[in-house]
Amino acid sequence: MIALIARELRIAWSGGGLLLPVAFFLLVATLFPFAIGPDAALLARIGGGVAWAAALLAALLPIERLVAHDVDTGVVDQLVVRGWSETSIAVAKTIGHWLGFAPAVMLAAALSAALLGIDGTTLIALEVGLLLGTPGLAALGVATAALVAGLRGGGAVAGLVMLPLALPLVIFGAGGIEGGAGALKLLAATSLLLCVGGPIVAGAALRIART
């Protein structure tokens, strides 16, 4: 399991997984004030929501390479022959995907706080929310990637599938910045549900993709 997680993490980092979320996050944080205007109070109110939307899109960036390549090249078949279940492969991919983008997103959120007018207290709430919510985003990303593996234009379809399902995480994550412990509990519960259900769905999708 550790070797497979390390493989996923190595692939993520070699594909820009460590730098792309930071660059994307900072680009959003830089451009957004130009679109909204110089109103610092308005930026402070919506900065957390912008950060969560950027985190969702950062989780979506590498989705095409998460599963489809391993299915096409027979890596999944080889792992199954060696005794791995499809669900355990999905668990390893989920952990690797989370390690590949979540720390970078949390770092980028801290770097972009000044650009979005986020103060220290709000930043702490945002970071706690990202820590709780990004595992759910990772599980949802892997499940979505497995569902669209083998489809032509799978990346575009993945966005259409994942974005609506991720809305509860974004809503509770943004709400947790001002809503306190109640919203964070809902965020944690939703993330936990996705972490449990995501690998099961991904495993079933991998079994179908292999046939």
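Only protein heavy atoms count here; under a 1.4 Å probe, MET1 has an accessible surface of about 90 Å².
Note on LEU61: accessible area approximately 90 square angstrom, rounded to 10, probe 1.4 Å, nucleic acids and ligands left out. Relative contact order of the chain, taken over Cα pairs closer than 8 Å and 6 or more residues apart, is 29 percent. Among the protein heavy atoms, those of LEU186 account for about 90 Å² of accessible surface (1.4 Å probe, every chain in place). Exposed loop positions in the chain were taken to be trypsin sites (Lys or Arg not before Pro) whose DSSP state is not H, G, I, E or B and which have at most 14 other beta-carbon atoms within 10 angstrom. Between these positions, the longest stretch is 1-81. A protection proxy built from the mean count of other Cβ atoms within 10 Å ranks the segments 194-201, 167-174, most packed first, as 167-174, 194-201. By the helix-only formula, in which each DSSP H run with n ≥ 4 contributes -39500 (n - 2.57) and the sum is divided by residues, the chain has a 222 nm mean residue ellipticity of -28500 deg cm²/dmol. Computed over the Cα atoms of the chain, the ratio of the radius of gyration to the Kirkwood radius (Rg/Rh) comes to 1.00.
The values are calculated or read from the model by the stated rules, or taken from the named source; none is laboratory data. These numbers come from a predicted model, not from an experiment. Cβ coordinates were reconstructed from backbone atoms using ideal geometry, including for glycine residues, and neighbour counts include every protein chain displayed. These accessible areas exclude ligands, DNA and RNA; they are computed on the full protein's heavy atoms, side chains included. Shrake-Rupley method; radii C 1.70, N 1.55, O 1.52, S 1.80 Å.
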